[in-house]
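Have a look at the structure below, then the notes.
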Amino acid sequence: MHGLDYNEFLSQISGFLCGYYLLIAAMNWLFALYRWKNKGESRLALAWACVGLVSLILAAMSVAGNPDVIRYISFNETIKGGIDALMSPTTYSVGSLLILLVMFRYREVLVRPNVAWLGLNGMMFFMGLSLADQDFAAIVTKPDNVPIVGLIFLLAFFTWLATSKAVENDRRIANGELPLEATEPEREKVLVWPDLVYTELICMIALTAVMLLWAILLQAPLEEPASSVKTPNPSKAPWYFLGLQEMLVYYDPWMAGVVLPSMIVAGLMAIPYIDFNKKGNGYYTINERKFAYLTFQFGFLVLWVTLIIMGTFLRGPNWNFFGFYEYWDSHAVEAMNNVDLSQYFWVGMLNQPLPKPDPDAAFLTKVLVIAQRECVGIVLLIGYFAILPPLLAMWDKKRLFQPMYKRMGLIRYMVMTNLMLWMALLPIKMLARWVFSMKYFIAIPEYFINF
Amino acid sequence: MPSLGDIIRNSQIWKSIFRHPAPVDRRNRIVVMLTNFFLHLHPVSAKKQGIALSYTWCMGGVTFFLFLVETVTGVLLMFYYRPTIEWAYADILTLRDATSLGILRELHRWGAHAMVITVWLHMYRVFLTGSYKPPREFNWVIGVILLLLTLLLSFTGYLLPWDQLAIWAITVGSNMARATPFLGYEGPGAQLLTVGGIDMITNASDARFGLLGARFVGEETLNRFYVLHCIAIPLGVALLLAVHFWRVRKDGGISGPM
Ligand code: HEM
């Protein structure tokens, strides 16, 4: 979209922006109406109505697509420059982890309807104010990226829904009551016709309406005919695999594309067999299964979803990182001088050249020389997968690991810890890269084993 | 004077299809669930908590519905589409420019994206309610396979329009197979698989070749992905869905507190 001049761009996006702000306005008024009925919340309801009014004004300001007016309803260059300057793979990844932890810690406050609503408004206004930026709009409105924007909002909503139910149940359990799902009126048997069948029917109709609307409003992309000589830059996998493609920054294809995905699938399948906690079956709760909950949220929300978002919106040509409002310049170069662990060890610490296998030597001799060269990495690897879990069980006697070991037995305990350690490999490699410019822990290019 | 509705409901045709009066009273609401083939996926009665929209989000149901939408729109798309390099792209163009009700491709494409999203949300819900715990462990495993197949369905379909977006996304994705340990010719250990000094794993015999049917994304790949996308994977999904739904019932219905 960068070929477009700014005025043309505005005239294209203004209609959408106007509709978008009208939607926010309507949402806020409905919410205000709904809150109005609650005692003592009439002031808040009034505030939400005002937010709706502001959004209405924004809608009016955007409708003409006049650059002099739109200027006032978009982030100015200083803010955008500031956000871009702050953003990097490091701040982004660490930031999303911190956000998850903060959300977890303050979940009781965050799920309150008015607070959550504030969050939703924040997200929506941020989107709106950003959309007047050409570079931001160019990636977000790309047809195949629109579903991800939807995913973000849906995940936010359902996370809120589940968390608020869990918080409510946890409060009840702490008071010695049953979780809501276990109370008498909820356990009562009802006939599936009409209670469930009608719900399903309504879901089906609503979904059909959404799909029709989506299909009418947004045309499916069709680019130039395939050509095996013109490589687009960036070349991206479909969006749901972009988390894996992002892992290629840190791992070679055999890890990022084969081993780690297989471990994800295996790990997911293993969940029911390693989570021995009998509580929290059939109702929303967090307190009764904190460990499982946090592990899953870390894997799903931080490692899977935020990496997809990064891979889609923030990775441009040559897979370089670009802030939200940066132009995807295909000539930007990122310096890459990463160093292998063996290099650090032999050259840096021992002041010796790397041992080099003689290419004509017998296979076994070559392997031995390579093993010598990579000894530190190999020891680390064995220590990580084989020795760390027992150490954890010995060291953490009370809280997590030793009790787990006792209840699970050796094999299940090792499977569980090893799966978790596999999951941790990615953040560990990220950290090593950011802090030590670490390229490979074990580098055996002779046999394509770089790790 | 009987109303038109009564006449229809008392006709022999109607009665041959629905073997009971309208489900307006308790008895017939039970009978309808037992005698209708499609409805008998469901139990007759269920705990209120388990069928609450706020509990299941109806996400499994929505995913299933999207699968049906994909099946119907997919069959219609097959009427217009020939999976060859000469025709694939041209057929998509025709479909866009010359077909009445021209949102078929949109419905199919956005439906696929939506299905990927809803299957994740469904898994998310099942996790958050701890519904994978005994006795539902195995249904979770089946679910994971369904998740994988859903992604593969989407992935194989991505190639079919045969535009730049398609072949390069599939090229990037399938390049990974080149690095499969032992089975990819750039994978760890592949060099070790030799017989009498001849490499067994070459770029014309490795995992990627098996996936693409060639050394790069080309004619053979298009054919292979077409068959996978339209026949093999949907059949697999349909079979597993049958097991999945059956198991929901056999594992005691939608989960709830013990
Ligand atoms: C094509 C994909 C899938 C479809 C169409 C599907 C459909 C359904 C449906 C209709 C239900 C009934 C309850 C509900 O709607 O929530 C259900 C339950 C269930 N699903 Fe799926 N599912 C799919 C994938 C998955 C995945 C990916 C998982 C987990 C990894 C999974 C695990 C389960 C489990 C454990 C139940 C029982 C839940 C309970 O009793 O509360 N399913 N599925």
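Here are the numbers:
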{"item": "Accessible area expressed per residue, the range A:234-318, with surrounding protein chains retained (probe 1.4 Å, Å²)", "result": "28 Å²"}
{"item": "The protein assembly as shown: C-alpha gyration tensor shape, a/c 1.5 cut-off, then a/b vs b/c", "result": "rounded"}
{"item": "For the range B:53-250: rounded, prolate or oblate by the Cα gyration tensor [a/c cutoff 1.5]", "result": "oblate"}
{"item": "Extension reserve of the residue A:157-residue A:208 stretch, reckoned as 0.36 nm per residue once the Cα distance is removed", "result": "16.3 nm"}
{"item": "Zero-based 5 Å bins, Cα pair distances in the range A:1-127, whole percents", "result": "2, 9, 14, 16, 15, 15, 15, 9, 4, 1, 0"}
{"item": "Fraction of accessible area attributable to carbon and sulfur, chain B (%, probe 1.4 Å)", "result": "68 percent"}
{"item": "With every protein chain in place, the range A:341-450: carbon and sulfur % of accessible area (1.4 Å)", "result": "72 percent"}
{"item": "Candidates B:151, B:192, B:41, ranked by Gaussian network fluctuation over chain B, Cα under 10 Å, top entry", "result": "B:192"}
{"item": "Cross-link pairs A:37/A:165; A:397/B:133; A:165/A:398; B:133/B:250; A:230/A:439; A:278/B:48 - those with Cα-Cα distance over 20 Å", "result": "A:37/A:165; A:397/B:133; A:165/A:398; A:230/A:439; A:278/B:48"}
{"item": "Inter-site label distance for residue A:183 and residue A:54 at 7 Å from Cα along Cβ, in nm", "result": "3.6 nm"}
{"item": "Angle between chain A longest axis and helix A:146-174 axis [Cα atoms, degrees, rounded to 10]", "result": "90 degrees"}
{"item": "Estimated distance in nm for a label pair at residue B:68 and residue A:172, the labels positioned 7 Å out from Cα along Cα-to-Cβ", "result": "3.2 nm"}
{"item": "Cα shape, the range B:16-70, gyration tensor, a/c 1.5 rule", "result": "oblate"}
{"item": "Residues of the range B:147-161 buried by at least 20 Å² on assembly (accessible area, 1.4 Å probe, chain alone as reference)", "result": "B:148, B:151, B:155, B:158"}
{"item": "Surface accessible to a 1.4 Å probe, per residue, for the residues of chain B, Å²", "result": "48 Å²"}
{"item": "For residue A:80, net neighbour charge (Lys/Arg +1, Asp/Glu -1) across residues whose Cβ lies under 14 Å away", "result": "-4"}
{"item": "Pairwise label distance in nanometres, residue A:372 with residue B:78, each label 7 Å out on the Cα-Cβ vector", "result": "6.2 nm"}
{"item": "Accessible area buried, both sides summed, chains B and A with 1.4 Å probe, Å²", "result": "8700 Å²"}
{"item": "Length released on extending from residue A:201 to residue A:327, taking residue separation times 0.36 nm less the Cα-Cα span", "result": "40.8 nm"}
{"item": "Zone residues, the range A:363-388, relative to residue A:351, backbone N less than 19 Å from point 7 Å out along Cα-to-Cβ", "result": "none"}
{"item": "Charge tally in the Cβ shell below 15 Å around residue A:437, where Lys, Arg are +1 and Asp, Glu are -1, residue A:437 excluded", "result": "+1"}
{"item": "Within a Gaussian network of chain B (alpha carbon springs, distance under 10 Å), most fluctuating of B:193, B:183, B:152", "result": "B:193"}
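The values are calculated or read from the model by the stated rules, or taken from the named source; none is laboratory data. Predicted model, so just to flag it, every value in this text is computed and none were measured. When we count neighbours, we look across all protein chains shown, and the Cβ atoms used for this are built from the backbone with ideal geometry, even at glycine. In case anyone asks, the SASA skips ligands and DNA or RNA and just uses the protein heavy atoms, side chains included. Shrake-Rupley method; radii C 1.70, N 1.55, O 1.52, S 1.80 Å.
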